[in-house]
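First the structure, in the form of structure tokens, and then the observations on it.
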Amino acid sequence: MLFIDWTIVIEKFVLIAIVVFGSLGIAMYSTWAERKVAAIMQDRRGPNRAGPFGLFQPLADGLKLFMKEEIIPTYSAGFLFILGPCLAMITAIMTSAVIPWGETVHLFGRDISLQIADINIGILYVFGVVSLGVYGIMIGGWASNNKYSLMGALRAASQIISYELSMGIALIALLMLTGTLSLKTMVSQQMDHVWNIVKQPLGFLIFLVCAFAECNRTPFDLAEAENELVAGYHTEYSSMKLGFYLFSEYINMFISSAVMVSLFFGGYDIPFINDAHLLQHVGMNWMAVIHIVCLLGKIVCFLFFFMWVRWTIPRFRYDQLMNLGWKILIPLSLANMTITGALILWHQSH
């Protein structure tokens, strides 16, 4: 007879709700932060009308998108036209399931893990879900029955597929060093030794560049370059369907930052502090809070870097983007993988 432990089910549902709505909240205020960073770069004020320091601006933007007219073009594929932005949003949120946000917290007489699913192929799950995200873009561009939208979708798909290759090969070198696909295990290894950025600086650099391309961020925003494609793959979208596409970009930025922090910067590890020694003084629950704050602090640094680059570097031409992906990043990632394998074999033989 199948027995279901409902306490575990409820625990996981609560954790899913916290992670999902937390990700949405952070993504929402990333739009506010983007405008503030842009304002600082361009010597202007940025949002300052809606609430103190313009903090209610994301709420005003969301309300505006909800209140706009829903337009579905007459000759579009109706079901697919709606499915596209939904798929982009769902795949962006699903990636957060394997991110370790901390160790454990003791509540209601139970030790609750601060990770929705600690699966032993966590990083493969991330790649699998990210690969599905391109379908949201392709379906939206094709279903619009608009040549500009289709061109933007083709650009986005070719860009994402191209840079996923370099990202995957760069990650193989890291997996050879760690010997695991579990993000939780990778973080634990870095807490006991040095962060992986020390072991794989070139792998991290390749992964970072590919993350910019995967998120369609400048200088890799050719899929929605306004001066070339009107608005890219979401030209025909309005109201919250457009909002889903725009919002998924910021969620992808947040999750990409969390993945890079977990892979290369120790995840929730507190730098220069012995976690076991600190745990004896503050207790399990406060330690979990400190871990979450530390992880979010590292993620915020990456989010700022994403925004800083956007307002500093101009976008590539499309041929330059493809040359960088195929002629530079793939050979570099292959060389990094080969050198890493050779060093591992040399170390084992000595």
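The values are calculated or read from the model by the stated rules, or taken from the named source; none is laboratory data. Quick caveat, the model's predicted, so the values are computed rather than measured. Neighbour counts run over all protein chains shown; Cβ positions are idealised from the backbone, glycine included. Quick note on the areas: whole protein, heavy atoms, side chains included, nothing else; ligands and nucleic acids left out. Shrake-Rupley method; radii C 1.70, N 1.55, O 1.52, S 1.80 Å.
Remarks
- Restricting attention to the chain, the count of lysine pairs at 8 or more positions apart or across chains with alpha carbons under 28 Å apart stands at 15.
- Of the residues PRO52, PRO271, GLY133, the one whose Cα sits farthest towards the positive end of the charge dipole of the chain is PRO52 (charges of +1 on Lys and Arg Cβ, -1 on Asp and Glu Cβ, taken about the Cα centre).
- With the highest mean first, a sort of the peptides 109-117, 127-135, 232-240, 8-16 on other beta-carbon atoms found within 10 angstrom per residue produces 232-240, 127-135, 109-117, 8-16.
- Which of LYS36, LYS147, LYS327, LYS68 is most accessible, then next, and so on - probe 1.4 Å: LYS147, LYS327, LYS68, LYS36
- The string of couplings for the stretch 107-112 from the Karplus curve (6.51, -1.76, 1.60, θ = phi - 60°) is 9, 6, x, 10, 8, 9 Hz, one whole number per residue in order, with x for Gly and Pro.
- Accessible area of the stretch 8-159 belonging to carbon and sulfur atoms, whole % at 1.4 Å probe: 72 percent
- Accessible area of the stretch 1-53 divided out per residue, in Å², using a probe of 1.4 angstrom: 71 Å²
- Per residue, in Å², the accessible surface of the stretch 241-341 once ligands and nucleic acids are set aside, probe 1.4 Å: 48 Å²
- Helices in the chain, meaning DSSP H runs of at least 4 residues, each add -39500 (n - 2.57). Divided by all residues, the mean residue ellipticity at 222 nm is -22500 deg cm²/dmol.
- Size of charge dipole - the stretch 163-296 - debye, nearest 20, with Cβ of Lys, Arg +1 and Asp, Glu -1, no other charges: 440 debye
- Residues with amide H under 5 Å from that of LEU107, placed H, sequence gap 5 or more: ILE112
- Take 246-252, 271-277, 287-293 and order them by the average number of nearby Cβ atoms within 10 Å per residue, most first; the result is 246-252, 287-293, 271-277.
- Treating r as the C-beta distance of ILE273 and PHE21 and R0 as 25 Å, the FRET efficiency rounds to 0.25.
- Structure-derived Cα extents along the principal axes in Å - corresponding label in [x] 94, 45, 38; [y] 62, 59, 50; [z] 60, 52, 43: [y]
- Accessible area per residue, Å², the stretch 110-164 with all protein chains present, probe 1.4 Å: 45 Å²
- Relative contact order computed over the stretch 1-63 (Cα-Cα under 8 Å; 6+ residues apart), in percent: 20 percent
- Size of charge dipole - the chain - debye, nearest 20, with Cβ of Lys, Arg +1 and Asp, Glu -1, no other charges: 640 debye
- Charge dipole magnitude, Cβ of K and R +1, D and E -1 - the stretch 227-321, Cα centre, debye nearest 20: 120 debye
- Listed residue (ALA143, MET307, ALA27) projecting farthest to the positive dipole end of the chain, Cβ model: MET307
- Karplus-derived HN-Hα couplings along the stretch 41-48 (A = 6.51, B = -1.76, C = 1.60, θ = phi - 60°), whole Hz, x at Gly and Pro: 5, 9, 6, 9, 8, x, x, 8
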